[in-house]
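This report refers to the structure that appears directly beneath it.
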Amino acid sequence: MNKILIAGTLAFDQIETPFGKSEVIMGGAANYIAIAAAQFGVPQAVVSVVGEDYPQAFLDLLRARKVDTSAVEVVRGGKSFFWSGRYHNDMNVRDTLDTQLNVLADFKPVVPEAFRKAAIVMLGNLHPQLQLDILAQMDHKPTLVVLDTMNYWMYHTWDLLQEVIAKVDVITINDEEARQLTGEYSLVKAAQRIMAMGARFVIIKKGEHGALLFHKSQVFFAPALPLEEVFDPTGAGDTFAGGLVGYLAKSGDYSFANMKNAVVHGSNLASFCIEKFGLERMLSLSEEECNERLRRFAELTQFEIEVNT
């Protein structure tokens, strides 16, 4: 079975939505990605850094799902990355209330020996230089490099971000970020520009309106499952990415046809993530629940179109 190497943050979050406010909880891109990918039973490792304040119980939750945490650096006396945010009634809009890099500011990632030949590298939302450092430590070019990034790096590290994009196979960003990255309002043109930068597959997430997958001249649209309530959208994009790479690692098929399946599996898991604060829903998710919702996705999208002749 193909291995996944995940580079990203293990963090503390504190979240406020119109439905309530959380305590300080388990967060960070790497946690969401790994917990989602673990649904597929694939071997994976996380490269990250935490402070001495990070609970052992949080790392144990990953290890219980067969996630290798040997490359998680624990800085003695250090404080872990912290993020706090508030969502508006329109859950696509949020305000960052506090960001504390803490030990992340001086992080030097080290890829574990057992994962330097990993088939899939998932570059979570980090400084592009750290993403480049991860790729430089691989023994050979991975079969698939997946990148998640955000507008902050587009503003502040443009040249380095371009260097990363040139080395990746898949990029996942939202529609606003795609337009900022390319200067194109049309998402079709934006995807074409991003593929010209180096990515073979471009996935543009549109929140409650689904996701678009582009590859060469091919396009696929995966809807988001309509839900009665969206409780907390934090980590939905990372959960999507984790589902994507988890499915691809299990199947070992990186074709456009199978990438469509992977996008649906990612969307399926993300639909669970938003039902409760943080990782609470993902940590209780069963295989039966996951499969039942996949069937709902199938009912939502599969039908025969009658063409007049």
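The values are calculated or read from the model by the stated rules, or taken from the named source; none is laboratory data. The structure displayed is predicted, hence computed values, not measured ones. No Cβ is skipped: glycine too gets one built from the backbone with ideal geometry, and neighbour counts run over all protein chains shown. Surface areas here come from the heavy atoms of the whole protein model, side chains and all, with no ligands, DNA or RNA. Shrake-Rupley method; radii C 1.70, N 1.55, O 1.52, S 1.80 Å.
Here are some notes:
- Scanning the stretch 276-290 for residues that are closer than 14 Å to residue 41 by Cβ, outside any loop (DSSP other than H, G, I, E, B) and not acidic (Asp, Glu) turns up just one, 290.
- The residue pairs whose first member lies in the stretch 186-198 and is open to solvent by 50 Å² or more (accessible area, probe 1.4 Å), whose second member is in a helix (DSSP H, G or I), and whose beta carbons are closer than 7 Å, counting only pairs six or more residues apart or on different chains, are 193/182.
- Residue within the stretch 23-33 that is touching a helix residue (DSSP H, G or I) at 6+ places or on another chain (Cβ under 8 Å), more than 19 Å from residue 277 (Cβ to Cβ) and modelled with pLDDT of 95 or more present: no
- Enumeration of residues in the stretch 132-170 that are under 19 Å from residue 3 (Cβ atoms), open to solvent by less than 50 Å² (accessible area, probe 1.4 Å) and among the aliphatic types (A, V, I, L, M): 134, 135, 138, 144, 145, 146, 147, 168, 170
- Neighbours by Cβ (under 8 Å, 6+ apart or cross-chain): first from the stretch 56-74, over 15 Å from residue 115 (Cβ atoms) and among the hydroxyl-bearing types (Ser, Thr, Tyr); second open to solvent by 20 Å² or more (accessible area, probe 1.4 Å) and part of a loop (DSSP other than H, G, I, E, B): none
- Of 245, 263, 202, 230, all but one fail to be closer than 21 Å to residue 165 by Cα, over 13 Å from the mean Cα position of the chain (by Cα) and surrounded by 13 or more Cβ atoms within 10 Å (Cβ to Cβ); the exception is 202.
- All conditions but one from (1) assigned to a strand (DSSP E or B); (2) open to solvent by less than 60 Å² (accessible area, probe 1.4 Å) apply to residue 99; the one that does not is (2).
- Unique residue being modelled with pLDDT of 95 or more and either in contact with a Cys (Cβ under 6 Å, 6 or more places away or on another chain) or over 15 Å from residue 180 (Cβ atoms) (or both) when the list is 129, 162: 129
- Residue satisfying condition, being open to solvent by less than 10 Å² (accessible area, probe 1.4 Å) and either assigned to a strand (DSSP E or B) or more than 17 Å from residue 238 (Cα to Cα) (or both), within set 5, 62: 5
- Those residues of the stretch 80-91 which are touching a residue at least 24 places away in the same chain (Cβ under 8 Å) and either exposed (fewer than 15 other Cβ atoms within 10 Å of the Cβ) or in contact with a His (Cβ under 8 Å, 6 or more places away or on another chain) (or both), in sequence order: 88, 89
- Residue list for the stretch 68-79, restricted to those being open to solvent by 80 Å² or more (accessible area, probe 1.4 Å) and either in contact with a helix residue (DSSP H, G or I) (Cβ under 6 Å, 6 or more places away or on another chain) or in a strand (DSSP E or B) (or both): 73, 79
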